[in-house]
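**Student:** Below are the structure tokens for one structure; questions will follow.
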Amino acid sequence: MLTRDRIGALLLLAFSIFYGVRTLYIPLLPFQAEAAFTARSMPWALSVLGVVLSLVLLVRRGTGARVEAAGFQWRRAAVLCALMVAYGLTVRPAGFLISTSLFLIGGFVILGERRIWLILAASIPIVVFFWVLMTQFLGVFIEAWPEFLKG
């Protein structure tokens, strides 16, 4: 019986397997070949965790509630998917800070939030915090601004 939980578990299982296979193609530097923790370690652990959790969801006894597609908001889901694609296409040309802020703002609006102060307070500081964390503390280079805004 396909319930909402099982459909989600099947999607998570498919994504985790695909993600796990793709982690094998992450190139390693020569000195990382024998290291215990490499660029593949965390993605591989996340994919294994995703497979385990999805299998737990698949084998556990469900509530028996069937999927009702009539009440699902297909248009909202499609617009969110289109927003994700647009984000993926604009993150390099527009820079991380602008494109990620617009992505979160758009996501909040699509999901029904209308208080502008809350949308801005929830999106912009989080994007800036994440960018600072990644670039300054973890040493991951993320282009903050588009080329035409850099001096």
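**Student:** Around Ala82, with a cut-off of 12 angstrom between Cβ atoms, what is the net charge of the other residues, counting Lys and Arg +1 and Asp and Glu -1?
**Tutor:** Working: positive: Arg75, Arg76; negative: none.
With Lys, Arg at +1 and Asp, Glu at -1, the net is +2.
**Student:** Suppose every Lys and Arg Cβ carries +1 and every Asp and Glu Cβ carries -1, with no other charges. What dipole size does the chain come out with about its Cα centre, to the nearest 20 debye?
**Tutor:** It works out to roughly 520 debye.
**Student:** Right, something else. Arranged by the count of other C-beta atoms within 10 angstrom, fewest first, what order do Glu113, Glu34, Glu143 take? If you can, show how the numbers build up before the last one.
**Tutor:** Numbers: Glu113 13, Glu34 8, Glu143 16.
Sorted ascending by nearby Cβ count, the order is Glu34, Glu113, Glu143.
**Student:** How would Phe103, Phe72, Phe15, Phe137 line up from fewest to most surrounding beta-carbon atoms within 10 angstrom?
**Tutor:** Phe137, Phe72, Phe15, Phe103
**Student:** Continuing with this model, one more query. With a Cα-only, solvent-free Debye model of region 1-123, what are the log10 I(q)/I(0) values at q = 0.09, 0.12, 0.14, 0.21 Å⁻¹?
**Tutor:** -0.43, -0.75, -0.95, -1.13
Read-outs throughout are calculated quantities, based only on the coordinates presented, and are distinct from any laboratory measurement. Keep in mind it's a predicted model, so treat the numbers as computed, not measured. Cβ: placed from backbone, ideal geometry, glycine included. Neighbour counts: every protein chain shown.
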